[in-house]
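Reading through the structure tokens given below for one structure.
The values are calculated or read from the model by the stated rules, or taken from the named source; none is laboratory data. Keep in mind the model is a prediction, meaning the values are calculated, not measured. Every residue, glycine as well, gets a Cβ built from its backbone with ideal geometry; the counts of neighbours run over all protein chains shown.
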Amino acid sequence: MLVGGRADLFLFGVPLFRWSGKAAMGRSPRAGTCETLPGHSCRTSETGASTVTLSVDIAGMNMPLVSPTSLDGQHAAAVAEGVITSVEYTEAESHSRGGDAPSNRFNQPAGVVVARDGTLFVAENSGHRVRKVTPDGRMFTVAGNGTEGDEGDNGPAAQAQLRGPWALALDAEGNVYVSEKSRVRKVTPDGKITTVVADMKWPRGLACDSSGNLYIAEYGRHRVRKVTPDGKMTTVAGTTDHGGFNGDEDNAAGASLYEPTGLCLDEIGNLYIVDHGNHRVRKVAPDGIITTVAGAGSNPDVQNLGDGGPADKAALFWPYGVVRDIYGNLYITANDRVRKVTPNGIINSAVFVDEDNEKATMAELKNPAGLALDQYGNLYIADRSNDRVLKVAGPRERSLMGRQVNVPQAGLGEIAELTVEFTAYRAGRAVDAKNVVQTFTAPTGFAFAEWPTYSYNGNDAWRGSLGCRFERDRSVMLVTSNLHLNTCTGDKGPLLYTIPVKAVAAVDPGTYHDGRLIVGRSPGIGLSATVTGGPQFSVTPGSSPVEMMRGDGPTYPGVGVHREGPVPPQTITATLPPGAGLAFKPECGDKHQMTVGSREMTRTKNFDAELSEDGQTLTCQNVDLDLSQQHPGSAVWVAVTAAATAAIGTTRLTFRVGGIESASTDVKVISG
């Protein structure tokens, strides 16, 4: 699907390329110029009727960071930035039965909002319901039984009546706010519905701030209201029931609005208001001053709707929804399209494409209303008169492709090298991602061992160390440097990272595929590494049985550990035999401990341990077994006592060192 006239393609918030008709993408012309798209047609009127249809060749569109061919030969799926798809769902009851095929139809969706977990909420204006679509594609009814009406307060929201819901908002507590014909209602996380504000005249847009204040665009009274958590309502903007336009550069409470609809807030408290009847978007700063940020009223003197020029001089007919992304871009539904205003005040019609094999395609929006962004930058559009909600893939560092070149192999304690290759999605295209964080997570059994290096296509003159830091016992590495390609004569691709990894944990031999590389907010690629050989040490029961008397002091059962190769620190557990009447005894005040001693018993070291809630298992992390070429064997033991009622006879504890399990020394319980 393609909407709008001409738009810039962004990487990390910086305009790189420009779409133009069916021509291939080239360098972006300087800001403020306008290019006419062949086949572009537009009609506008004060009734809001407008249709835009255009065709764009998407050859060369950037794709996300993916492994084009994974290590097992399978192709990774990818969604390009700007690709637009319909949100699909399966009705929850049908889904639980393995039933109906997915659908993408909603009943006049007007408002959308996305929770932090990715759950999408949709206000169905003509369906008189609020729906939610979970990340796995199941749809549930949040509020409304499908019958238009006003009943149901203080009861289950899904059984209540709604009257044409328009907009939605979420607060930090997970409450969903719904605007309908004459009031705003709240649905709590446990599904109870109440009325927050009544006797309003056609409330539309909603927004919640971090302090719990609710903002309401009261369309019929030409005002924006603020409701505090204690229920007090004040007017933020608008001063007359008749509507109008005035008051810019002055206090918003004294300014005139005309039929406000959409609302959104930014991180510093600016409130953006879609001044629908004035064909503008306005901003109320934290100090209360109102200004126009987009739209020049009903008769702007511009060509092509003003695309490529100042937003406050552009044609913005009957705007409805607004949302702001983390880069400071505003997205506005108007003119049957989505308009985008950059932080420097330039407006364009956003260009989207569908995912039909990346072929040029044509489509329309029809009366789009609410907008929402999720935490990944994906944009959701309530395409109201087309009965669908659209999702536009967000900016996910999509100008690079990454793949793992080799699968490193190492035995316990050994170091091997993992190589990752980056290439530009289009050969030769310049990419400069600057300081985008690259997060590497090591596969099971491995850690990042030494400083990684980079090079370009074997060019030793362009080789160096990567700036990075390590976290979580070096199982995570964060790189914040390099990531530029084809920007000068020396950095011709591919870009190679060489990363030393070390096998640090005793795991079963095999290849582990659970590592990960994520660049910025990209979906990422998997990383794999192989642990070779068997365990590099063995564990055996202690050689001398121990004897303990019921109700008496502790004895010290344990195991022997014998080195067969390098042995890093291990996690050790000791578990009591069930029903034997034994207990672990604290050795240092109220602390439980494990002790490691050399074979010759010339050295011992104590490690604090954690007792399980049932008192049956003692766990000690990161235990140095004191094994080396000079000391190939050691012992591990714990303090144990027998209750006065303990069973008489011989039993054993169970020790687990790393991934190796062994019974302990024989423990003989005798009567006192």
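A few notes on this one:
- Subset of region 540-565 [modelled with pLDDT of 90 or more and either among the aromatic types (Phe, Trp, Tyr) or within 50 Å of the chain's Cα centre (by Cα) (or both)]: Thr540, Pro541, Tyr556, Pro557, Gly558, Val559, Gly560, Val561
- Flag for Val501 being of a type outside the set (Phe, Trp, Tyr), in a strand (DSSP E or B), closer than 30 Å to Ile670 by Cα and at pLDDT 90 or above: no
- Any chance Arg474 is surrounded by fewer than 18 Cβ atoms within 10 Å (Cβ to Cβ), at pLDDT 90 or above and not in a strand (DSSP E or B): yes
- Pairs with Cβ under 7 Å, 6+ apart, first in region 135-151 and in the same structural domain as Gln375 (by TED's automatic domain parsing), second polar (S, T, N, Q) and assigned to a strand (DSSP E or B): Gly137/Thr90; Arg138/Thr90; Met139/Thr90
- Selection status of Thr604, assigned by TED's automatic domain parsing to the domain that holds Gln570, over 38 Å from the mean Cα position of the chain (by Cα) and closer than 27 Å to Arg550 by Cβ: no
- In the set Gly243, Gly238, only one residue is crowded, with 24+ Cβ neighbours inside 10 Å, within 16 Å of Lys201 (Cβ to Cβ) and over 33 Å from the mean Cα position of the chain (by Cα); that residue is Gly238.
- Checked against (1) in a loop (DSSP other than H, G, I, E, B); (2) under 30 Å from Glu613 (Cα atoms); (3) under 38 Å from the mean Cα position of the chain (by Cα), Gly490 passes all but condition (2).
- Filter pass, Pro310 being out of contact with any Phe, Trp or Tyr (no Cβ under 8 Å at 6 or more places or on another chain) and assigned by TED's automatic domain parsing to the domain that holds Val351: yes
- Qualifying positions in region 585-609 - under 28 Å from Thr650 (Cβ atoms) and either polar (S, T, N, Q) or not in a loop (DSSP other than H, G, I, E, B) (or both): His592, Gln593, Met594, Thr595, Val596, Gly597, Ser598, Thr604, Asn606, Phe607, Ala609
- On inspection, Arg469 qualifies as of a type in the set (D, E, K, R) and exposed (fewer than 13 other Cβ atoms within 10 Å of the Cβ).
- Residues (under 30 Å from Leu418 (Cα atoms) and aliphatic (A, V, I, L, M)) located in region 528-567: Ala529, Val531, Val567
- Within region 349-362, not a single residue is part of a loop (DSSP other than H, G, I, E, B), in contact with a strand residue (DSSP E or B) (Cβ under 9 Å, 6 or more places away or on another chain) and at pLDDT 95 or above.
- Taken over region 477-487, the residue count meeting the criterion of being in a strand (DSSP E or B) and loosely packed, with under 15 Cβ neighbours inside 10 Å is 1.
Quick grid of which residues meet (1) more than 30 Å from Asp473 (Cβ to Cβ); (2) not in a loop (DSSP other than H, G, I, E, B):
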site: Ser528; (1), (2): no, yes
site: Ser543; (1), (2): yes, no
site: Glu547; (1), (2): yes, yes
site: Thr573; (1), (2): no, yes
site: Gly579; (1), (2): yes, no
site: Ala583; (1), (2): yes, yes
